[in-house]
Every structure is written in structure tokens, then in C-alpha cells.
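A short reminder: the numbers here are calculations on the coordinates, not readings from a lab. These numbers come from a predicted model, not from an experiment. Cβ atoms come from the backbone with ideal geometry, glycine included; neighbour counts cover every protein chain shown.
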Amino acid sequence: MFVKAQISTGVFLSFLLTSTHRPAASAVPPIAPHTYEIAGGIAPGRQPDGNTYILENGNRLTVIDTGRHASHLNKIEAFAEEKHASVVAVINSHWHLDHVSGNIGLRKTYPAMKVYGSGAINEALTGFLAKGAESSRKMLATEKLDPVTREEISTDLATIDAGDALKPDVVLSHDETLAIGGRKLQIYVAKDAATAADVWVFDPSSGVVFVGDLVTFPSPFLDTACGDGWKSALTKIEGLPFRTVAPGHGPLLSREQFHTYSQAFNELLSCSASSQTAAACAKTWVDQVADIGGMTEQEKKLGQGMTGYYVKDVLRAHGGNSEYCAVKTPPSRS
Ligand SMILES: [Zn+2]
């Protein structure tokens, strides 16, 4: 193919990377029938975008998670345009900004769309996010920051300021089966897991389970986590007849790979509760998940650093769970 040949010369590739043109939807292959992924990622010096998944039913699209940056939102909107379809629903797996920020732009483009999510974002907007915004404003005012960091901080601040547009129209609070965008979906709400309430979704028609940040690479993002709730959610997921796990960050997983992830997660929490060093816990984690996460050497390094930080400064510093976990007993040893 012409474009492919051009890419192999590298000429076209650099054009694509710097171009503001939207990518063709045909560049987004299905991961299952009528089911698509727009992969997130972490660009150097920037905050991550979570993965987005799109469920198609005729000209109606349901978007699971909406990313953080405008560049990610553009890809979702370009996909819808190419398909001559409208986004009728968004399901947010949790309130972290790398999964909900695109809600604001999508609402402008598709005013009739409905956002489904847990109510945990309400407390986050007056707690975690409000606190973060306050220290960000201080940083912008007093510190000499490089332009990329400044831009990242400003992007998140603008998102938090528009917080009402992030909130769900339909609050999900318990496990239920719902018809959303014409697809019958099994909705699960995991309390006190990666956040105070995480939503994960099983689509029996495609065999895909969308688990949000209950599965992430290169490290579990434990900033607002409760260990036990997270572990039980992974166990519950494993009991479903899925073929593919669609994670919040990183590549799709098979059943077997998900099992490896789940075991590595349990071992990481046990290690965190032991007398081993944080660096040793992080190394075991990276060794166990590097293959299933398709992690590059750079991602392994990042995973080692992040996981060590989470063990030392997030879990151990607050009695075994993050300081934002409402459950005050440390996770049980597995
Ligand atoms: Zn995330």
C-alpha cells in the first residue's frame, strides 16, 4: 500500500507525527466485532492518556473513557466522523483525569450524549482534585517550569475548572445489566478499589471485559487505591467468561495473561506489607508483567521507578492503602 510504503521510508511517519490532520478511522482496526480501541499512552514529560474503547451499533457509538489531552479527543471525534456516527453514550471507568477529560469536548460535539459513571467523582472534585488544583496554581505562580510541564498543569486545571461537565448523567452504584447505545452491557461497580468506586464493563456479545485502571502498565496506578477492594475486583473479573481484557493502560490481555497480572498484583501488595525493600517489590512486579505488557526497556525502567514510589510513598507511608482510601485497615496478606 502507498501509505505503508511511505511510512517505511520514515518520511510520511514524521509528517503524521507532526500533522494536525486527523487520522483516518480506517487506521483503527477492530479488537472484536464492532469494538474498537484508541490506545492511550505516555508521551515523554507528559501525563498519560488512558485507553479509549468504542462500541459501535449502527450509527450509534458508546465510548468507554475519553482520555486527557485534546489530541486524544481529536482521535475519538475523527473516528466518529469517519464512521458517520454519533457518540450517544460515554462510560467512565473512574474519575482520573486521563479517563474523563474528553467528556467536556464530546459533550460540546454531541450535546445529547449521556455520561455513565460512578458518583465517586463528586467527592474527588472537592477532595483529591481540589487539593491538586490548589498546589498546581501555586506551582504555576511561583516556580520556573519548562513549557511542557506548564502546559500539562494548565490542561488539567482547565479540566478541573469545568468539573461539572465531567460528572455522570447516569450514576452507576451497583452491578446491573443495561442497554447502552443499543448494546446490552453488564455493568459492575467495584467499591474501594483503584478509586472509591470503579466501573468495569463486560460485553457478552464481543467477549471483551473493559476493566479501566484495575489493569494498567507499566505499574498499577495506586494513587487513590484500596488494596483489598482492588484484589477482589480482579478475582470477580476472573470469574466471567471473557476472551479479552481491555485495560486502562497497556495492551489487550488474554485470560492467561490476565491471570498472570492478577497474581503479580496480589504479590505486589504482599511484598509491600513485608520487610522487603520497595525496589525489590518493584523488580518482582516488573519481572512478572513485562512480557504480558509488551514493555520496552524504557517502560520497564519507568515501571520500576513508579512501582517503587507507590510501595514506599503511597502504600507504606499510609498504613498499606493510599491516603485517599476510605478503608483504614491494611490489605490482607494473600
Ligand atoms: Zn489511568
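From helices alone, the chain scores -12000 deg cm²/dmol at 222 nm; the rule is -39500 (n - 2.57) for each run of n ≥ 4 DSSP H residues, then divide by the residue total.
Dipole orientation for the chain: of the candidates 278, 221, 311, 221 has the Cα lying most toward the positive pole (charges on Cβ; Lys, Arg +1; Asp, Glu -1). Once the C-beta distance of residue 238 and residue 177 is scaled by a Förster radius of 22 Å, the resulting FRET efficiency is 0.65 to the nearest 0.05.
Summing +1 for each Lys or Arg and -1 for each Asp or Glu, what net charge is found among the other residues whose Cβ lies under 13 Å from the Cβ of residue 278?
Details: positive: 283, 312, 316; negative: 313.
Residues close to residue 278 contribute a combined charge of +2.
When you restrict to C-alpha pairs under 8 Å that are six or more residues apart and normalise by the size of the chain, the relative contact order lands at 13 percent.
Summing Lys and Arg as +1 and Asp and Glu as -1 over all other residues whose Cβ lies under 12 Å from the Cβ of residue 42 gives a net charge of -2. Segment residue 34..residue 130, full-extension length gain: 30.8 nm, with 0.36 nm per residue of separation and the alpha-carbon distance subtracted. Beta bridges per DSSP, both residues in the chain: antiparallel share near 65 percent. Working from Cα pairs under 8 Å separated by at least six residues, relative contact order for the range 146-192 is 23 percent.
If R0 is 25 Å, the Cβ-Cβ spacing of residue 148 and residue 280 corresponds to a FRET efficiency of close to 0.15. Footprinting exposure proxy ranking of 287, 198, 192, 98, fewest other C-beta atoms within 10 angstrom first, gives 287, 192, 98, 198. Using a simple spin-label model with pseudo-atoms 7 Å out from Cα toward Cβ, residue 270 and residue 70 lie 4.9 nm apart. Label reach from residue 162 (point 7 Å along Cα→C-beta): in the range 69-93, amide nitrogens under 13 Å belong to 69-74.
Tally Lys and Arg at +1 and Asp and Glu at -1 over the other residues with C-beta under 13 Å from the C-beta of residue 84: what net charge comes out?
Numbers: positive: 60, 83; negative: 56, 77, 81, 82.
Computed value for this residue: -2.
Applying 1/(1 + (r/R0)^6) with R0 = 30 Å to the Cβ-Cβ distance of residue 155 and residue 313 gives a FRET efficiency near 0.80.
The Cα center of the range 254-302 and the Cα center of the range 121-180 differ in position by 28 Å. In order along the range 217-225, phi translates into HN-Hα couplings of 10, x, 8, x, 8, 8, 3, 10, 8 Hz, rounded to whole numbers, per the Karplus curve 6.51 cos²θ - 1.76 cosθ + 1.60 with θ = phi - 60° and x for Gly and Pro. Ordered by the number of other Cβ atoms lying within 10 Å of each residue's own Cβ, fewest first, 199, 314 fall into the sequence 314, 199. Sorted largest first, the spans of the alpha carbon positions of the chain along the three principal axes are 56, 49, 42 Å.
For a paramagnetic label modelled at 7 Å from the Cα of residue 59 toward its Cβ, which residues of the range 108-142 fall within the zone defined by backbone nitrogen distances under 16 Å? What the label zone holds, given the 16 Å backbone N cut-off, is 110-113. The C-alpha atoms of the range 205-334 occupy a region whose extents along the principal axes are 43, 34, 22 Å, arranged from largest to smallest.
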